[in-house]
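Read-outs throughout are calculated quantities, based only on the coordinates presented, and are distinct from any laboratory measurement. This one's a predicted model, so the numbers in the text were calculated from it and none came from an experiment. Methodologically, a virtual Cβ is constructed for each residue, glycine included, from the backbone with ideal geometry; neighbour enumeration extends over all protein chains shown.
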Amino acid sequence: MKTKENILLNIKDLHVWYRVYAGYLKVLNGVNLIVREGERVGLVGESGCGKTTTGKLILQMFLPGDFHIPRGQIFYKGQDVLKMSFKELQRIRSREVAMIFQDPTTSLNPVFTIGTQIGDVIKYSSAFEENEHKIKIKEQSTRALKEVYLPDTERMLTNYPFQLSGGMRQRVSIAMAISSPRNLLIADEPGTSLDVTIQNQIHRLLNEIVEKRKTSILLITHSLGVAKEMTDRIYVMYAGMIVETAPPDILFKNPVHPYTKGLFASVPKISGGGIARGIPGELPNYLNPPSGCRFQPRCEQNRPICSEKPPQLFEIEKDHLVACYLTQEVNK
């Protein structure tokens, strides 16, 4: 079991509001999340619950005027990312942490070759002498493409993104992320825009890279099944709040929070046994979110206290935490 000294990323009580014409969208509401060195962590939830916002904020990938952080901290190796200078952030982005986006069509620049784009990543993360610069960059670019099993790497470096299939573009995105040593990979739905077969290949490739390099990964996904296969610990997010966290074997055996149970009930029963029930209702309006637990308008077991203040994560067994007043009452 990893110890506290192994903590690489520590998000504490993070609140984030988006600035829009009508006011503020209060998206994240007290997110707490930890990634340890060499650990594979999954962040699961339905679309619009704040998963991608959390991932992008780790690297500060928003314009300053677009969002407001009323409170919260994001510690990377003990340093608060939210207080870093631009130069310090650039060092983190170029040498420490990389993000793989869900749509390689938009994350790759269509007017530059694959070689140019990977080369730029390597150039800003390495310190080569001028006379060996181009040779070293090409060698490192070729090595990264081979590591993600792309064929004919010499030709690949001269291709443009539109000349490649969706699966090949996503492999290029992964190659860019691993072209230089990284301590943490943030993978935001890396297989979403691909067909099921290619999704599986991308997930297996990421698993292989993480195992080989002993890199930490924060995998953002809609799929509990993918999180089970690829992570050591799962965080379940609803409307900007972490509602449950546990290792996959514990979570699949004993889901406790009503939302987590709803996610499991939403899985299509392809082997028979009836239609998936799903979760009644919809995500709250972030302009005016419900007070207390944000899931309470959709919860069949809600109580008066649920609308008074947000519940805190409560340990019900070793490594299994749940943010639910009903759970706290049962486990008193």
Which whole-angstrom value gives the distance between the alpha carbon centres of region 208-236 and region 128-204? 19
Taking every DSSP bridge whose two residues both lie in the chain, the antiparallel percent to the nearest 5 is 60
Mind listing which trypsin sites (Lys or Arg not before Pro) in region 1-88 are in a DSSP loop and have 16 or fewer other Cβ atoms within 10 Å? 2, 77
In nm², what is the average projected area of the convex hull enclosing the Cα atoms of region 116-225? 7.2
Taking DSSP loops as anything outside H, G, I, E and B, show the longest stretch in the chain free of GluC sites (Glu not before Pro) there with at most 13 other beta carbons within 10 Å. 130-281
The chain: translational diffusion in µm²/s, Stokes-Einstein, Kirkwood Rh over Cα pairs, 4 °C, 1.567 mPa s: 61
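Give me 20, 27 sorted ascending by neighbouring Cβ count inside 10 Å, so fewest comes first. Don't skip to the answer; put the middle values down first.
Numbers: 20 11, 27 20.
In increasing order of surrounding Cβ atoms, one gets 20, 27.
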Expected output is a single nm value to one decimal: the length gained when fully extending between residue 195 and residue 155, i.e. 0.36 nm times separation in residues minus the C-alpha distance. What is it? 11.9 nm
With just the Cα atoms of region 1-140, tell me how far they stretch along each of the three principal axes, in Å, largest first. 50, 43, 29
Cα-Cα longer than 21 Å, checked against 228/318; 228/309; 253/309; 26/253; 228/261, kept in input order, equals 228/309; 253/309; 26/253
